[in-house]
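Below you'll find the structure, written out as structure tokens, and then a few comments.
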Amino acid sequence: MTLLLSVLEQGMIYAVMALGIYITYTILDFPDLTVDGSFPLGAALSAVLITKGVNPILTLLIAFGAGAVAGMLTGIIHVKLKVRDLLSGIIMMTALYTVNLRIAGRANVPIYNMTTLFDNGLVKGIFKGSLAAFSNVVIILLITVIMKLLLDWYMNTKSGYLLRAVGDNETIVTSMGVDKGIVKIIGLAIANGLVSLSGCLFAQQQRYFDISMGTGTMVIGLASVIIGISLLRKASFLQVTTRVIIGSIIYKACVALAIKLGMPSSDLKLITAVLFLVILVIGMDRSKRKKVA
Amino acid sequence: MLELQHIHKLYNPGTINEICLFEDFNLSIKDGQFVSVVGSNGSGKTSMLNIICGSISVDAGKIIVNSVDITKQKDFIRHRRIGRVFQDPAKGTCPSMTILENLSIADNKGKGYGLGRGTNKARIEEYREMLSHLNLGLEDKLHTKVGALSGGQRQTLALLMATMNPIEFLILDEHTAALDPKTAEIVMELTGKIVEEKKVTTIMVTHNLRYAVEYGDRLLMMHQGKAIIDKEGEEKKAIQVEDILGTFNQISIECGN
């Protein structure tokens, strides 16, 4: 039961990040490594702000904003300075490592016994007795669903249409008299905002910040997106964003299972990487789309 | 009035592959004129369109529209008054979006892309009406992804999208070249109809001499960055395919194709 809850909790937290990667990887066709820096960026901000006693909901907004700025900078490096997409992300990711250390002040910040999204008077009042174990999962579900609905809404606006168009066919965006570079920058900003918000949630759920938290963010996000899009292709009655969220939960469950089966938890990143490879290969077999690779 | 003045363009300057495409190229196109452009490969037809649209820059010279110099204007700003259809049907539409979504994007051109609903539900009937005039059955496929359509259907849709909004210039870059003869005929007829209705200044590059002769009120044949034939008005009307075929063969042989 505890295992199931922890899979759901972490799966859905990572799902918010995976939604961001869905924007860059699937829609924009942009392999954005910034996420390995913007995830801990959200976490660092979260830890510091919570320590200072800032309202937990406000920390989510601040984390989203900071992530969006990071994404915007990656976009500007790529679009305005004409650096290749992969390199732009790597530059930002490396720079963010220092930024995150500076924000947090040190490599590890615990936030036990403080008012967070999951530990506060209101939550304690609502979830009493045997319900207490479910408080985290309900709160995370709520936030993840809100983010999904917001993203769905945005994708159906005029601006969202252009975002989808720019990854599909850049020429058409120019033909519509719009600067395609700006559209890409907006996409990267939203994506990294989501990733940073996910990091913010993660730090509060884990009750600490660690500088190495971001390593492998890209891999986890990509795995979730590929499970959601390729492996759950048959479930086309579900919206893509829903499938990405389910993908993230499935992925987290696989990792949890591997650890349950006796792998030491220090092997986590290796398991993450190998599982991703397996999913990538299965995904390629089942759909002949080149893009998966 | 669209004017190209003293255009110079070198490709790969300073290398062994340096190609001088335009050397003091001049052209002026009156408002409402429909110019058909033919020519050998590498004669500068498509480069000329790219220069007008801002997709490639010029080394020297000016591009002037209604007495305003737009040489330094960015491509996406120029496209606000240009509708453009490419040879590749994939370039004029978004394959992973539905017909309705594609039309909605085109419909919003020039009106800004903010946070309003992407598709205006009140316009759906009008879109259906527009599509039904094409006689391709697209009006029943509004929710089909454009990637699932045939090349001809996509190109027709691209043409519709390019001309949906008021534009000053219609740029057609061999837009029938990738289609089978029958579809090409349909797209060309539709093009003629749209240009007639909208009275839009049109530049059409084509490899089909018959289209160049049948359509448009001015004919340009390009060779090595120069217009070697330029006929308009009555002179253009009198031209038969046979008249230009000789010249065309001659320049094509020179180029080795």
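Can you confirm whether B:Thr98 is within 14 Å of chain A (Cβ to nearest Cβ), touching a residue at least 40 places away in the same chain (Cβ under 8 Å), of a type in the set (Val, Ile, Thr) and within 25 Å of B:Pro181 (Cβ to Cβ)? So B:Thr98 fails the test.
Yes or no, residue by residue, for (1) open to solvent by less than 50 Å² (accessible area, probe 1.4 Å); (2) part of a helix (DSSP H, G or I); (3) at negative phi; (4) touching a Cys at 6+ places or on another chain (Cβ under 7 Å):
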{"site": "A:Thr94", "(1), (2), (3), (4)": "no, yes, yes, no"}
{"site": "A:Thr98", "(1), (2), (3), (4)": "no, yes, yes, no"}
{"site": "A:Asp119", "(1), (2), (3), (4)": "yes, no, yes, no"}
{"site": "A:Lys124", "(1), (2), (3), (4)": "no, yes, yes, no"}
{"site": "A:Leu131", "(1), (2), (3), (4)": "no, yes, yes, no"}
{"site": "A:Ser135", "(1), (2), (3), (4)": "yes, yes, yes, no"}
{"site": "A:Ile143", "(1), (2), (3), (4)": "yes, yes, yes, no"}
{"site": "A:Gly160", "(1), (2), (3), (4)": "yes, yes, yes, no"}
{"site": "A:Leu163", "(1), (2), (3), (4)": "yes, yes, yes, no"}
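Taken over segment B:78-95, the residue count meeting the criterion of being facing another protein chain (nearest Cβ under 7 Å) and under 18 Å from B:Thr201 (Cβ atoms) is 3. Can you tell me which residue in segment B:71-92 is farthest from the chain's Cα centre (by Cα), limited to those that are assigned to a loop (DSSP other than H, G, I, E, B) and within 27 Å of A:Ala165 (Cα to Cα)? This residue is B:Lys72.
Filtering segment B:114-149 to residues that are at the interface with chain A (Cβ under 8 Å from one of its Cβ atoms) and either touching a strand residue (DSSP E or B) at 6+ places or on another chain (Cβ under 8 Å) or modelled with pLDDT of 95 or more (or both) leaves B:Gly114, B:Leu115, B:Gly116, B:Arg117, B:Gly118.
Would you call A:Leu49 touching a Ser or Thr at 6+ places or on another chain (Cβ under 6 Å), open to solvent by 20 Å² or more (accessible area, probe 1.4 Å) and part of a helix (DSSP H, G or I)? Yes. Against the conditions (1) touching a residue at least 40 places away in the same chain (Cβ under 8 Å); (2) surrounded by 18 or more Cβ atoms within 10 Å (Cβ to Cβ), A:Pro31 satisfies every one except (2).
The set of residues from segment B:227-243 being surrounded by 15 or more Cβ atoms within 10 Å (Cβ to Cβ) and in contact with a Lys or Arg (Cβ under 9 Å, 6 or more places away or on another chain) comprises B:Asp230, B:Lys231, B:Glu232, B:Lys236, B:Ile239. Taking the criterion of being closer than 15 Å to A:Ala18 by Cα and open to solvent by less than 20 Å² (accessible area, probe 1.4 Å), the only residue of segment A:149-158 that qualifies is A:Leu151.
Within segment A:177-192, being under 29 Å from B:Ile82 (Cα atoms) and part of a helix (DSSP H, G or I) holds for A:Lys180, A:Gly181, A:Ile182, A:Val183, A:Lys184, A:Ile185, A:Ile186, A:Gly187, A:Leu188.
The sole residue among B:Leu220, B:Leu190 that is assigned to a helix (DSSP H, G or I) and open to solvent by less than 30 Å² (accessible area, probe 1.4 Å) is B:Leu190.
Scanning segment B:7-54 for residues that are under 18 Å from B:Ile229 (Cα atoms) and open to solvent by 60 Å² or more (accessible area, probe 1.4 Å) yields B:Glu23, B:Asp24, B:Asn26, B:Lys30, B:Asn41, B:Gly42.
When A:Tyr161 is tested against the conditions (1) more than 12 Å from every other protein chain (Cβ to nearest Cβ); (2) more than 14 Å from A:Thr241 (Cα to Cα); (3) touching a helix residue (DSSP H, G or I) at 6+ places or on another chain (Cβ under 6 Å), the lone failure is (1). For segment B:61-77, a tally of residues being surrounded by 16 or more Cβ atoms within 10 Å (Cβ to Cβ) and either within 14 Å of chain A (Cβ to nearest Cβ) or among the hydroxyl-bearing types (Ser, Thr, Tyr) (or both) returns 4. Looking only at residues of segment B:101-113 that are facing chain A (nearest Cβ under 7 Å) and in a loop (DSSP other than H, G, I, E, B), we find that the one that is farthest from B:Val205 (Cα to Cα) is B:Tyr113. In segment B:181-210, the residue that is farthest from B:Asp31 (Cα to Cα) out of those that are free of Cβ contacts under 8 Å to residues at least 24 places away in the same chain and charged (D, E, K, R) is B:Lys182. Tell me yes or no: at least one residue of segment A:171-181 is in contact (Cβ under 8 Å) with a residue 24 or more places away in the chain and surrounded by fewer than 24 Cβ atoms within 10 Å (Cβ to Cβ). So far as segment A:171-181 goes, yes, one or more of its residues are in contact (Cβ under 8 Å) with a residue 24 or more places away in the chain and surrounded by fewer than 24 Cβ atoms within 10 Å (Cβ to Cβ). Among the residues of segment A:199-222, those that are open to solvent by 10 Å² or more (accessible area, probe 1.4 Å) and assigned to a helix (DSSP H, G or I) comprise A:Phe202, A:Gln205, A:Gln206, A:Ile211, A:Ser212, A:Met213, A:Met218, A:Val219, A:Ile220, A:Leu222.
The rows are residues; the columns are (1) at pLDDT below 85; (2) in a helix (DSSP H, G or I).
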{"site": "A:Ser224", "(1), (2)": "no, yes"}
{"site": "A:Leu238", "(1), (2)": "no, no"}
{"site": "A:Ile245", "(1), (2)": "no, yes"}
{"site": "A:Tyr251", "(1), (2)": "no, yes"}
{"site": "A:Ala256", "(1), (2)": "no, yes"}
{"site": "A:Leu268", "(1), (2)": "yes, yes"}
{"site": "A:Val281", "(1), (2)": "no, yes"}
{"site": "A:Asp285", "(1), (2)": "yes, yes"}
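Please tell me if A:Thr171 is modelled with pLDDT under 95, of a type in the set (Val, Ile, Thr) and in a helix (DSSP H, G or I). Yes; evaluated as a whole, the condition is true for this residue. B:Ser57 fulfils the conditions (1) outside any helix (DSSP H, G or I); (2) facing chain A (nearest Cβ under 8 Å); (3) among the small types (Gly, Ala, Ser) except for a single criterion, (2).
The values are calculated or read from the model by the stated rules, or taken from the named source; none is laboratory data. These numbers come from a predicted model, not from an experiment. Cβ atoms come from the backbone with ideal geometry, glycine included; neighbour counts cover every protein chain shown. For accessibility, only protein heavy atoms count, side chains too; no ligands or nucleic acids. Shrake-Rupley method; radii C 1.70, N 1.55, O 1.52, S 1.80 Å.
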